[in-house]
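Asks: Mind having a look at this structure? Questions to follow.
Bear in mind these aren't lab numbers, they're just calculated from the coordinates by the rules spelled out. As the structure is a computational prediction, the values presented were derived from the model and not from experiment. Cβ atoms come from the backbone with ideal geometry, glycine included; neighbour counts cover every protein chain shown.
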Amino acid sequence: DTEVTQTPKHLVMGMTNKKSLKCEQHMGHRAMYWYKQKAKKPPELMFVYSYEKLSINESVPSRFSPECPNSSLLNLHLHALQPEDSALYLCASSRGEGVSYNEQFFGPGTRLTVL
Amino acid sequence: DAKTTQPTSMDCAEGRAANLPCNHSTISGNEYVYWYRQIHSQGPQYIIHGLKNNETNEMASLIITEDRKSSTLILPHATLRDTAVYYCIVSSGNTGKLIFGQGTTLQVKP
């Protein structure tokens, strides 16, 4: 299995809602990532988890809360988002050893709309 | 991490080689060159990476100049399915921190 799966594919939420995005991989990868991509822009790194511990937080607002319950699963909890947070949220994974950190496998993304 | 410069867009005829250039004049000795592509409405896809030697895999070839200040990604026989945004990224390789630039939009035409 060489896939990264993300659910849901689409999500519409209000500014007062709490929702979660889910990402799963079964490749035995030990590093997992969240990216945000606005329309017609490149992906921007948000968080990196390495061996289930948060290793990079790119100064992301606290209304985004990542969680890595085990080595196969990565969640992104959303609370009190703003309309400008509407974007494609991409999850990725990699083996997580040396240079292989940057050979990342991406999921198809969750398209989030905040009303 | 070093910054990269790529042309905004390029066209290529189907069946011909697509040569995508990238400048990374401030690359340092421990930084690798990575190439990814993103087909419309999909997540990015890893293509290839290299440090200083040329590299080839089933998808593409990567040619890095001797001074390492630029590189070229070569898709030997472009197909319509190769139409995508191609990103050249320079990274030290052991942090997982990929900084995507604006990339090159490659349009393969019949």
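Asks: Taking only Cα atoms of chain A, what ratio of Rg to Rh do you get with Rh as the Kirkwood inverse-distance radius? Each step should come with its number before you reach the end.
Replies: Working: Rg = 13.3 Å, Rh = 14.1 Å.
Taking Rh as the inverse mean 1/r over Cα pairs, Rg/Rh reads 0.95.
Asks: While we're on this one: Ranking request for peptides B:9-15, B:22-28: highest mean number of other beta-carbon atoms within 10 Å first, then the rest in descending order.
Replies: Numbers: B:9-15: 13.4, B:22-28: 17.6.
Ranking the peptides B:9-15, B:22-28 by packing returns B:22-28, B:9-15.
Asks: For each pair in A:19/B:3; A:22/B:52; A:38/B:109; A:9/A:41, compute the distance between the two Cα atoms and list the pairs where it is over 31 Å. If you can, show how the numbers build up before the last one.
Replies: Values: A:19/B:3 35 Å; A:22/B:52 38 Å; A:38/B:109 27 Å; A:9/A:41 19 Å.
Where the Cα-Cα span goes over 31 Å, the pairs concerned are A:19/B:3; A:22/B:52.
Asks: While we're here: About the Cα centre, and with charges only on the beta carbon of Lys, Arg (+1) and Asp, Glu (-1), how big is the dipole of the stretch A:1-59? Nearest 20 debye, please.
Replies: Values: 10 positive and 6 negative charges, 73 e Å.
In debye, rounded to 20, the stretch A:1-59 gives about 340.
Asks: Which residues in the stretch A:69-102 have a backbone N closer than 19 Å to a point placed 7 Å from the Cα of residue B:58 along the Cα-to-Cβ line?
Replies: Residues A:95 fall inside that zone.
Asks: Could you work out Rg/(2.2 N^0.38 Å) for chain B, with Rg from alpha carbons only? Display every interim value, and only then the final one.
Replies: Numbers: Rg = 13.1 Å, N = 110, 2.2 N^0.38 = 13.1 Å.
After normalising by residue count via 2.2 N^0.38 Å, the value is 1.00.
Asks: Next question. If contacts are Cα pairs under 8 angstrom and at least 6 residues apart, what is the relative contact order of the stretch A:11-66 in percent? Please report the intermediate quantities before stating the final value.
Replies: Values: 50 pairs, mean separation 12.2, N = 56.
Here the relative contact order equals 22 percent.
Asks: Taking each residue of B:41-53 in turn, how many C-beta atoms of other protein chains fall within 10 Å of its C-beta, and what is the average?
Replies: Details: counts 4, 5, 15, 10, 3, 7, 1, 1, 4, 0, 1, 0, 0.
Going residue by residue through B:41-53 and averaging, the value is 4.
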